1. Output the Kirkwood hydrodynamic radius of chain A, Cα pairs only, in Å rounded to one decimal.
2. Among A:72, A:27, rank each residue by its count of other Cβ atoms within 10 Å, from fewest to most, as a rough exposure measure.
3. Please rank A:49, A:83, fewest neighbouring Cβ atoms within 10 Å first, as an exposure proxy.
4. Once phi is turned into θ = phi - 60°, what whole-Hz ³J(HN,Hα) does the Karplus curve with 6.51, -1.76 and 1.60 give for every residue of region A:26-36, x standing for Gly and Pro?
5. If the reach is capped at under 18 angstrom between alpha carbons, list the aspartates and glutamates near residue A:23, excluding any in the same chain fewer than eight residues apart.
6. Would you grab the residues whose amide H sits under 5 Å from the one on residue A:67? Only those 5+ places off in sequence or on another chain, please, with H modelled 1.01 Å from N.
7. Residue-wise, which Karplus ³J(HN,Hα) couplings in Hz belong to region A:80-91, taking 6.51 cos²θ - 1.76 cosθ + 1.60, θ = phi - 60°, and x for glycine or proline?
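None of the figures in this text is laboratory data; all of them are computed from the coordinates on show. Every value quoted in this text rests on a predicted model; they were computed, and no experiment measured them. Here the Cβ is made from the backbone with ideal geometry for all residues, glycine too, and neighbour counts use every protein chain on show.
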Amino acid sequence: MKLSERNKDFFQQVYQVARLIPKGRVTSYGAIAKYLGSGKSSRMVGWAMNAVGSQKEYVPAHRVVNRLGMLTGKHHFSDPNQMQNLLEQEGVVVKNDKIQNFKELFWDPMLELEL
DNA sequence: CGATTGACGTACG
DNA sequence: TCGTACGCCAATC
């Protein structure tokens, strides 16, 4: 089985995957959506991230960016600078709200979690 | 209850 | 190659 409980809500699955992202690595909304089976529902992944505040467990939303590696959702954090700051703490180079070397840092749940 | 929006991505011109 | 349109589905107005 891929995840502990894939019967749960779409949002829960998103959070699950987000927490599985290794330190210093990042992924995209589309990748998560695709992994969950709805490749075109990437918007829902973003929507789920908007609700991370409602979750009990902390979700490293800063490791989730769009497929361009841009920190599009940084503005939704407590502080816009927090997202970049957290990434830099993990060794990710962020420049102009964009992740450098994104291709190498990209963490694909479909590949890493195996399907 | 209908219309609009949204932390995205792909398709098409 | 760049710009625009549409899909996706839930939440908010």
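1. Details: mean 1/r = 0.0715 Å⁻¹.
Here the Kirkwood hydrodynamic radius works out to 14.0 Å.
2. By the 10 Å Cβ count, ascending, the order reads A:72, A:27.
3. Values: A:49 21, A:83 24.
In order of increasing Cβ crowding within 10 Å: A:49, A:83.
4. Those phi angles translate into 9, 9, 10, 4, x, 4, 5, 4, 5, 4, 7 Hz.
5. Candidates past the 8-residue exclusion: A:57, A:88, A:90, A:104, A:108, A:112.
6. The list, which skips near neighbours in sequence, is A:29, A:30.
7. Going residue by residue, I get x, 7, 4, 4, 5, 4, 4, 4, 5, 4, 8, x Hz, with x marking Gly and Pro.
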